[in-house]
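Written below as structure tokens is the structure these notes are about.
The values are calculated or read from the model by the stated rules, or taken from the named source; none is laboratory data. Since the model is a prediction, treat every value here as computed from it, not as a measurement. All Cβ positions, even for glycine, are placed from backbone atoms using ideal geometry, and neighbour counts span all protein chains on display. The accessibility values were calculated without ligands, DNA or RNA, using every heavy atom of the protein model including side chains. Shrake-Rupley method; radii C 1.70, N 1.55, O 1.52, S 1.80 Å.
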Protein chains: 2
Amino acid sequence: MESYQLKNGTKVFQYGLPIETKAVIAPKRKMKLKCDLDVKFQKDGTTISIELLSEDRIYGLGENLGGINKRGRIYESYCTDTPSHIEDREKLYSAHNFFIVSGKVVRGYFIDFPGRITYDMGYYNQKDINIKIYGQNFYIYILEGEDEKEVSSKFLEIIGKSYVPPKWGFGYFQSRWGYRNKEEVKKVYKTFKENDIPIEGIYLDLDYMDNFKDFTISQERFSGFKEFVEDLKKEGIYLIPIIDAGVKVENGYDIYEEGMKGDYFCKDKEGKPYEGVVWPGKVHFPDFMKKETQSWFGDKYQKLTDCGIEGFWNDMNEPAIFYEQEALEKAVEYAQKKLKNKNLDVFSYFKLKDNFTSLANRDSYYKNFYHEIDGKKVCNEKVHNLYGYFMTKSTYEALRKILKGKRFLLISRSSSIGMHRYGGIWTGDNSSWWFHLEQNMKMLPSLNMCGFFYIGADTGGFGGNCNGELLTRWLQLSIFTPLLRNHSAMGCNNQEPYAFTKKVLKNTRNLIKARYSLIPYIYSEYMKSVNHYHLMFQPLSFEFKDVLAKEIEDQILLGDQVMIAPVCIPNYKGRYVYFPEEMLEISFMHPKKMIGIRKKGIHYINYRLEDFKFFIRKNAMIPYVKSCKNLKKLDQKNLKILAYVDNEAIYNLYDDDGISYDFIKGKRFSTRIKIIKKENNYEIKVHNTNPSIKNIEFKIIDSENHITEKDISFINKNQ
Amino acid sequence: MESYQLKNGTKVFQYGLPIETKAVIAPKRKMKLKCDLDVKFQKDGTTISIELLSEDRIYGLGENLGGINKRGRIYESYCTDTPSHIEDREKLYSAHNFFIVSGKVVRGYFIDFPGRITYDMGYYNQKDINIKIYGQNFYIYILEGEDEKEVSSKFLEIIGKSYVPPKWGFGYFQSRWGYRNKEEVKKVYKTFKENDIPIEGIYLDLDYMDNFKDFTISQERFSGFKEFVEDLKKEGIYLIPIIDAGVKVENGYDIYEEGMKGDYFCKDKEGKPYEGVVWPGKVHFPDFMKKETQSWFGDKYQKLTDCGIEGFWNDMNEPAIFYEQEALEKAVEYAQKKLKNKNLDVFSYFKLKDNFTSLANRDSYYKNFYHEIDGKKVCNEKVHNLYGYFMTKSTYEALRKILKGKRFLLISRSSSIGMHRYGGIWTGDNSSWWFHLEQNMKMLPSLNMCGFFYIGADTGGFGGNCNGELLTRWLQLSIFTPLLRNHSAMGCNNQEPYAFTKKVLKNTRNLIKARYSLIPYIYSEYMKSVNHYHLMFQPLSFEFKDVLAKEIEDQILLGDQVMIAPVCIPNYKGRYVYFPEEMLEISFMHPKKMIGIRKKGIHYINYRLEDFKFFIRKNAMIPYVKSCKNLKKLDQKNLKILAYVDNEAIYNLYDDDGISYDFIKGKRFSTRIKIIKKENNYEIKVHNTNPSIKNIEFKIIDSENHITEKDISFINKNQ
């Protein structure tokens, strides 16, 4: 075993000869270190046990179901296309192997291993974490710190900064699998416009392609694609097409032929291109572990950027496999054989049926194909969790070249840590379930801890039938998520804001408008989190140390200023909210907005469908502006501030051009606002370098509910 | 349309010529009444719309998922074997067509119709209930009253009193599909005994049968069954075998041959016995709509009662159908045909797969078989929801004859209203999900409203893998449910109280002991509810009229004295509890038990795994006794009372012999306890007719937390 230390004190233990995932980019220095972990090598892998005390909580693990505290469940890291996110589902589309155990001490663990890992986080035995790594070559990173915040920051530091989308990526996006043609897409936009609902763009699902073939456009349904893209762009609407991992096997299809010629595909045992079946029928999977494939496939995106496209979603990149031809044939063969016996016994029948129900994403398929890594054949199983990561890295690197200095929108379904530097993720094919709304909230801090900041769930739910109440409640949460997309599946009822009653339309329109109002705050918090290695979404327990703050998981903190507490139960007209300190209740739809101070403790808060509520912390503030139709129209001239100040509050509003990477070179705007309470008045200091802000209106409340209003105008001069 | 009135004022509207389900047994008198319902007849059925105001809540619908308030969901009454109770599942095993709309006025509706009904309870349109009845012949009952309590009582009155199990039916039962033989069953009992866990009986799942054949016993695994039953009985352990609806098609099998000879089976279109496939392979379904079949099948239970059996569970009686031979053959044929095309298009593939995944319980199957009702052929589809009801009625009526005056345990999976007079129900194949624990609680009042009192869910969850925390939390609820059964499926991990850690064993043992301690209260509340047409479990809103009491759905009332509030979230060490009035917090595991008075309002209550908490209402009390190994050993000599009295409290403790039906003729014991606060002391009056009670120990608290202890001895004399 080799050991290393990173600059920020992180210890690294190397077992065997691991595959380099490049999840961590901080340089490591060899150093003799003691490892106190209970690591046991076995024939089929490695086990690690970590003792749990009764007060220990577990955080992290990114995209996984369960509580914010991950204790008391089983998890599996093996990226999978899982359509039904039921309560005891152990794995989803991504593999995020960082977690923190927090009790008397706080310690972070990152297992840098691209194959299967299972975690029993105190499920069968409440006193132990039991981890199984399906291999013997891996790194373990151990991070220590004062508290959870310090440990997560250290981890964010070593894995490198998150992907940053253009500012327009923070707008509202509509999506549906089943906008069948240009006319339907246009109609969506028009209906938004008619109904005065802000919208930034429309995602294009499989519908736009010719027979599910990557980088093709259906001439039947989407002819004149380039003009179509440009026309919508003029209206301020971006189109975001989907790209799937599998390339259709079809003679004459250029991508297929180039892939064959260039030897870009994964191979089967005999060295022939591996064949799985997905949407287009038989496909080959590009071998994204090969440099050559990366640049070949990446360059293909230019087919669409040449049409004016500036954003993509990479899908099916676990990679999902509906079936292998042989497995299907065997299932049919078994059924035929068994059917000859006219009175099947029940267990044969179960097997017969299971052969079909279990056809998708079988473990065995991932043993049947190989990547080429540095000239060596490596079975997918061994590096399974890197596929979506490396696909998206390829896209990112190509788009950086193609679009030059222009930022682009890029999300992926499958990911592992490291991919966060190249794109965001949506959390896959959820359902129109209240449970998934609640899970959407709980996943946000966990994803942040693993480096992912451009995140969001399919608002309203992908599968199942959404109704107006659920969509409204969901928006009351996802107004805060960087990626805000309403998406639904073919066959389910429509769930655009206007698909329900007038009342639902009114409420959802107001919520989306609120999103556009809050863009200065959301963008600022996003960029500051990314730049300074902070979490954007935090569990209460990261900030407050009382017993209840540790326990409560149905509220989270957004940045330093705000607590959010969505209603996740149907019919409820309010909810319990725990205030770990005094906070200001905001009713954003209400002309007076500031409802009043809530004392520390438990309160029942009225929260109706027609409302939009959150809470400003003590000595904190939020900035907002007038709403707009889309972010091209964002007008920050008149910045507004709501503040709860009893003593002194400081806020640093970050901004930049929103479209280039110049922020990396320091081209950033800052508006530093300081409010100091002075007896019956406030002293306000503003240091502003943002040319788009000309005036700031303040509304400040103190803990005795006195409201003070102030107005400060300035033209690019410091105050 | 004919109309009627019942004695208690219930209005009945008759449309067409309904099938008589005998759900309602109160006599009806013809009367010209106006119906204000919006009823529309259509080709394929009838629709009814009911306007909803924003404050209206909906209660009832018995066995269904969702909140206590049924608004904002879709439901379907069409009994189905549904293994996956996901959040948006619209139907389960039973059809309970009674609901109450409560707002400015309170109104109950009962649709007496044995076929399919769908309910949109304000889902797509929040302002309307939209009901579709798949037929044109039905009764609608309309019940009016002051409040929800009055309306539910009126409904309970007209449908007749619930089934009453023997007192031992209130003990703790262990079950598992997969106790494969006598030895394993014995081992379960022995392990309970060794670990000092009370147990009343063990359910026998399919394992005990010979090849899944009803009324047979595997000679390989359960030889000497009669001795086995008697041996365990001597130890105080009852065995409760399963009986399935379908009868195996097998020459030489007596039940099959008798059924054929007696013409007792449902028929297909051509008049031959209908063939479905379930556990035993091909089966015929007894036609329980025929009187002859009822008594023939009912009599068969004697095969098992002759072995000493005194309880049964009727299963698979929706009836569940795994597949029809023809459907399976067609699925295979389609697959073969499609496979010839070596590159299947994706939609053909989905169809191919769906042909297999959808084989179970297809709507079409229920159109393929017929019952004989009063000499007429009636398609199952038309009377679908009566199957489990009439099967269980047959069982009940036979057992009443066979067991003479002795009560028996009888539960069914499928039911509709009317069946409540003949047996209890468990709520089917749930999973080891926290969501299902929460649903277990929410279903209790709804089931009571529909007449079902002997109820319970599979504690710990049937499917999936339970862990110690979930089992403990689940028991903290199900200690209160009349039917208390821990049951799990083959292939899932074991979930007996001793299957986990020592700590789990200790906690669950204590909980089961608490159950036995509380039997006097639970039995008394059960019997009084049944006898007086009250709900045993009530939503808070039925008792308290403030805004929060209407809203809060994660706590319920048990009888008049107690509020319960289980923890349904993993890792939580407590929860918010809303107190609509001052109550006394009880920590039943704690030697001092009475923690103190909780003021009206919201409190965070610590509730650990090692605890058992509930709340006694103001001026109320609960009786309990020392725990015991099983109910034969129940010793009520020393009755204990915990009371919270600030003024005056009265409790009527009901009891009877627990085994006969003499209670119907008035052979009941009553212990009437009155506690009156007099300055710094209490006056206690007891009127006791229960010979088993010799002494009562009182522990009384007032709202200032003063505790008074008293002891009253008497030997069958009134005090």
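Per-structure values
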item: Residue within the stretch A:150-164 that is open to solvent by less than 10 Å² (accessible area, probe 1.4 Å), touching a helix residue (DSSP H, G or I) at 6+ places or on another chain (Cβ under 6 Å) and not in a loop (DSSP other than H, G, I, E, B) present; result: yes
item: Test set (1) touching a residue at least 60 places away in the same chain (Cβ under 8 Å); (2) out of contact with any helix residue (DSSP H, G or I) (no Cβ under 9 Å at 6 or more places or on another chain) - B:Gln174 fails condition number; result: (2)
item: Residues satisfying the stated conditions in the stretch B:51-78, i.e. within 13 Å of chain A (Cβ to nearest Cβ), over 22 Å from the mean Cα position of the chain (by Cα) and of a type in the set (D, E, K, R); result: B:Glu55, B:Asp56, B:Arg57
item: The stretch B:405-429, subset in a loop (DSSP other than H, G, I, E, B) and within 13 Å of the chain's Cα centre (by Cα), residue nearest to B:Thr481 (Cα to Cα); result: B:Thr427
item: Residue pairs meeting the criteria (Cβ under 6 Å; at least 6 apart or on separate chains; first in contact (Cβ under 8 Å) with a residue 60 or more places away in the chain, in the stretch B:61-77; second of a type in the set (Lys, Arg)); result: B:Leu61/B:Lys70; B:Leu65/B:Arg89; B:Gly66/B:Arg73; B:Ile68/B:Lys442; B:Asn69/B:Arg57
item: Residue in the stretch A:205-228 that is nearest to the other protein chains (Cβ to nearest Cβ), counting only those that are outside any loop (DSSP other than H, G, I, E, B) and more than 14 Å from A:Cys307 (Cα to Cα); result: A:Leu206
item: Top-ranked residue in the stretch A:113-147 [being more than 25 Å from the chain's Cα centre (by Cα) and without any contact (Cβ under 8 Å) to a residue 60 or more places away in the chain; ranked as most open to solvent (accessible area, probe 1.4 Å)]; result: A:Glu146
item: Any hit, the stretch B:283-295, residues being of a type in the set (S, T, N, Q), surrounded by fewer than 22 Cβ atoms within 10 Å (Cβ to Cβ) and under 30 Å from A:Phe356 (Cβ atoms); result: no
item: Leading residue by the ranking (farthest from B:Asp635 (Cα to Cα)) among those in the stretch B:488-509 that are polar (S, T, N, Q) and surrounded by 20 or more Cβ atoms within 10 Å (Cβ to Cβ); result: B:Ser488
item: Filter result for the condition that a residue is within 27 Å of B:Phe350 (Cβ to Cβ), within 12 Å of chain B (Cβ to nearest Cβ), open to solvent by less than 60 Å² (accessible area, probe 1.4 Å) and of a type in the set (Phe, Trp, Tyr), over A:Phe322, A:Phe312; result: A:Phe322
item: Sole residue being under 23 Å from A:Leu399 (Cα atoms) and either outside any strand (DSSP E or B) or among the aliphatic types (A, V, I, L, M) (or both), chosen from A:Trp177, A:Trp168; result: A:Trp168
item: Candidate set from the stretch A:641-680 (those that are more than 23 Å from the chain's Cα centre (by Cα) and among the β-branched types (Val, Ile, Thr)); member that is most open to solvent (accessible area, probe 1.4 Å); result: A:Ile650
item: Residues located in the stretch A:695-705, provided they are at pLDDT 95 or above and farther than 13 Å from A:Met621 by Cβ; result: A:Asn695
item: Test: A:Lys338 is surrounded by 18 or more Cβ atoms within 10 Å (Cβ to Cβ), under 14 Å from B:Glu329 (Cα atoms) and not assigned by TED's automatic domain parsing to the domain that holds A:Lys91; result: no
item: Scan of the stretch A:533-566 for residues that are within 11 Å of chain B (Cβ to nearest Cβ) and either closer than 19 Å to A:Gly451 by Cα or of a type outside the set (D, E, K, R) (or both), ordered by number; result: A:Val547, A:Leu548, A:Ile552
item: Residue check for A:Lys593: among the basic types (Lys, Arg), away from chain B (no Cβ under 13 Å) and buried (at least 19 other Cβ atoms within 10 Å of the Cβ); result: no
item: Tally of residues being within 8 Å of chain B (Cβ to nearest Cβ), touching a helix residue (DSSP H, G or I) at 6+ places or on another chain (Cβ under 9 Å) and not polar (S, T, N, Q) across the stretch A:567-577; result: 5
item: Every residue from the stretch B:625-640 that is open to solvent by 40 Å² or more (accessible area, probe 1.4 Å) and more than 28 Å from the chain's Cα centre (by Cα); result: B:Lys637, B:Asn638, B:Lys640
item: Residue within the stretch A:284-304 that is aliphatic (A, V, I, L, M), farther than 15 Å from A:Thr216 by Cβ and more than 14 Å from chain B (Cβ to nearest Cβ) present; result: yes
item: Members of the stretch B:345-372 found to be among the hydrophobic types (A, V, I, L, M, F, W, C), under 19 Å from B:Tyr274 (Cα atoms) and open to solvent by 30 Å² or more (accessible area, probe 1.4 Å), listed by number; result: B:Ala360
item: Scope the stretch A:460-496; condition more than 11 Å from every other protein chain (Cβ to nearest Cβ), under 17 Å from A:Gln174 (Cβ atoms), assigned to a helix (DSSP H, G or I) and of a type in the set (A, V, I, L, M, F, W, C); matching residues; result: A:Leu471, A:Trp474, A:Leu475
item: Qualifying residue in the stretch A:364-378 (condition: out of contact with any Phe, Trp or Tyr (no Cβ under 7 Å at 6 or more places or on another chain) and polar (S, T, N, Q)); result: yes
item: Pairs, first at the interface with chain B (Cβ under 7 Å from one of its Cβ atoms) and assigned to a helix (DSSP H, G or I) in the stretch A:342-368, second crowded, with 19+ Cβ neighbours inside 10 Å and of a type outside the set (A, V, I, L, M), C-beta under 6 Å, six or more apart; result: A:Val346/B:Trp279; A:Lys353/B:Phe356; A:Phe356/B:Lys353; A:Phe356/B:Phe356
item: Hey, A:Gly424 touching a Lys or Arg at 6+ places or on another chain (Cβ under 6 Å) and either at pLDDT 95 or above or within 14 Å of another protein chain (Cβ to nearest Cβ) (or both) or not; result: no
item: B:Glu275, sole failed condition from (1) open to solvent by 50 Å² or more (accessible area, probe 1.4 Å); (2) closer than 30 Å to B:Ile217 by Cα; (3) out of contact with any His (no Cβ under 7 Å at 6 or more places or on another chain); (4) within 14 Å of another protein chain (Cβ to nearest Cβ); result: (3)
item: Positions within the stretch B:24-62 being farther than 24 Å from B:Val105 by Cβ and open to solvent by less than 30 Å² (accessible area, probe 1.4 Å), in sequence order; result: B:Gly45
